[in-house]
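> Dropping the structure in here first, questions after.
The values are calculated or read from the model by the stated rules, or taken from the named source; none is laboratory data. Just so we're clear, the structure is a prediction, and the values are computed from it rather than from any experiment. In this analysis, Cβ positions are derived from the backbone assuming ideal geometry, glycine residues included, and neighbour counts consider all displayed protein chains. Areas reflect the complete protein model, heavy atoms only, side chains present, ligands, DNA and RNA absent. Shrake-Rupley method; radii C 1.70, N 1.55, O 1.52, S 1.80 Å.
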Amino acid sequence: RLQESRERLSVCSKLCYAVGGAPYQITGCALGFFLQIYLLDVAQVDAFYASIILFAGRVWDAITDPMVGFFISKTSWTRFGRLMPWIIFSTPFAIISYFLIWFVPDISTGQVMWYLVFYCAFQTLVTCFHVPYSALTMFISREQSERDSATAYRMTVEVLGTVLGTAIQGQIVGKVDTPCIESPFFFGLTNSSVAMEELNMTHDTESLTDTRNAYMIAAGVIGGLYILCALILLLGVREKREASELQSDEPVSFFQGLKLVMNHGPYIKLIAGFLFTSLAFMLLEGNFALFCTYTLGFRNEFQNILLAIMLSATLTIPFWQWFLTHFGKKTAVYVGISSAIPFLIAVVVLDSNLVVTYVVAVAAGISVAAAFLLPWSMLPDVIDDFKLQHPGSHGHEAIFFSFYVFFTKFTAGVSLGISTLSLDFAGYQTRGCSQPGQVNFTLKMLVSAVPVGLILLSLLLFKLYPIDEEKRRKNKKALQDLREESNSSSESDNTELASIV
């Protein structure tokens, strides 16, 4: 009991730790919801090249996660810790690259390369922030209950971060009326993309100046919040080397660590389940703004609908924390993630109705909250199980977290690139006030049919996940026994050494 009391984290420490998760979610939400429509309708990048930017950026983001995880595992401890220096040095450069993503360069050629370079640069730098921050969960306390509690604080703040990202980006940009081009005549032409391009050339491009300025103002505000959250994390959280008890003087082999992690059955089953869940919600996130704008016809309401999703998710995080505590994490997965299915079907089956859309947004937010909380709450359980099976293997926490993110980001990049490319094949019209029927059908598939199928597949995979509540309790007790045995052995060695002296 005395040991547990010493391991307890104060509410202030948990809050400071939780605030550190906001920058990743604020920027990620703004990019996820708005980058696609920004590239297509504001920067006026061709849909084919926009799909390349989104695909390459996401895939590069995925590749950097295990790379950063590996380099962190090789990093020596400093007086600031092993993880904190990564967070300190990546922050200023991440803010600069984020701002440049939302800047439209005055160049006739090379625009695609501009967005590709700075999008990839930002993804690399934010990975240098988020991977060590995620692994920090294992270094703030040895108590599983304290880590779970801190994770709940973190998920609440992270979902609040998505609300801020949606609200800041959506409300600032939504105040500006982005001009569109009425061209129903061209929708019937076989070479409509060429016709639209000619029409865009004759249209006054300066009409987009206010919209472009609004995106840059939003980027500046979000950059300021990024700095503030990073400072609170650095000043309010102490990284404890003894918390994990997995330090080793021998260097960790990348391939050895990769082999051990990939051969751990519970980890593979967990990431496989959440892989398809993440894909479902990322498809919904990436295409929802276009779906609201064109398919549902809510051009001036889509930012408020997105805000309703994020507010609903934020308010229900505490409920899901209570639910998983009382009914178990696997039960929370089944109930939480499946709750979105009927509403995703309803939004495309029923006629366009603003009230119904808001109801669907609130219901989707409830499911989003579960999808946010549960992976990060269940990953520490998998790592604890790994420790019991490999007591002599040390320093793999960052690899566990980074490879989970790697798989979700890589597949999300593929799906987002394919979804944007499918819009191009369907005949998406840049800056059009309306879209052809094929585009609207494609958007319905991307925000309803495909996500529902992915969610159902993920629920089947979660049936194979072996760590239920009984297994979790057994692992906790076994780890406790190992720590007590280690402490007793250490005290015995010290006593023997003292007697010799």
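> Using the heavy atoms of the protein chains alone and a 1.4 angstrom probe, what is the accessible area of region 254-481 per residue in square angstrom?
Details: 8450 Å² over 228 residues.
Result: 37 Å² of accessible area for each residue.
> What FRET efficiency would be calculated for the residue pair residue 476, residue 209, taking the C-beta separation as r and a Förster radius of 56 Å, to the nearest 0.05? If you can, show how the numbers build up before the last one.
On the way: r = 59 Å, r/R0 = 1.05.
Calculated value: 0.45.
> Can you sort 46, 385 by solvent-accessible area, 1.4 Å probe, largest first?
Working: 46 75, 385 5 Å².
Descending order: 46, 385.
> Would you mind checking which residues have amide H under 5 Å from residue 432's amide H? H placed 1.01 Å from N; only 5 or more apart, or other chain.
Residues meeting the amide H criterion: 181.
> Order 368-377, 35-44, 455-464 from most to least packed using the mean count of other Cβ atoms within 10 Å. Display every interim value, and only then the final one.
Values: 368-377: 24.1, 35-44: 22.3, 455-464: 16.3.
Highest mean packing first, the order is 368-377, 35-44, 455-464.
> Could I ask something else about it? Pull out the extension gain between residue 441 and residue 272, defined as 0.36 nm times the separation in residues minus the alpha carbon to alpha carbon distance; nm, one decimal. Present the calculation step by step, with values, prior to reporting the outcome.
Values: separation 169, 0.36 × 169 = 60.84 nm, distance 2.89 nm.
Result: 58.0 nm gained on full extension.
> Accessible area of residue 153, 1.4 Å probe, to the nearest 10 Å²?
Solvent-accessible area, nearest 10 Å²: 70 Å².
> Per the 1.4 Å probe, what fraction of the accessible area of region 254-481, in percent, lies on carbon and sulfur atoms? Could you put the intermediate results ahead of the total?
Values: 5810 of 8450 Å².
Within region 254-481, the accessible surface is 69 percent carbon and sulfur.
> Report the gain in length on full extension from residue 425 to residue 234: 0.36 nm times residue separation, minus Cα-Cα distance, nm rounded to one decimal.
Details: separation 191, 0.36 × 191 = 68.76 nm, distance 4.71 nm.
The residue 425-residue 234 span can extend by a further 64.1 nm.
> If amide H atoms are built 1.01 Å from N in the plane of the peptide, which residues on other chains or at least 5 residues away come under 5 Å of the amide H of residue 301?
Amide H neighbours of residue 301: none.
> Sort 348-358, 80-90 by packing, meaning the average of other beta carbons within 10 Å per residue, with the highest value first. Provide the component values of the computation, followed by the final result.
Values: 348-358: 13.0, 80-90: 19.2.
Those peptides, ordered most packed to least, come out 80-90, 348-358.
> With θ set to phi - 60° and the Karplus curve 6.51 cos²θ - 1.76 cosθ + 1.60, what are the ³J(HN,Hα) couplings of region 89-100 in order, to the nearest whole Hz, using x for Gly and Pro?
Going residue by residue, I get 7, 7, 4, x, 6, 5, 5, 4, 5, 5, 4, 6 Hz, with x marking Gly and Pro.
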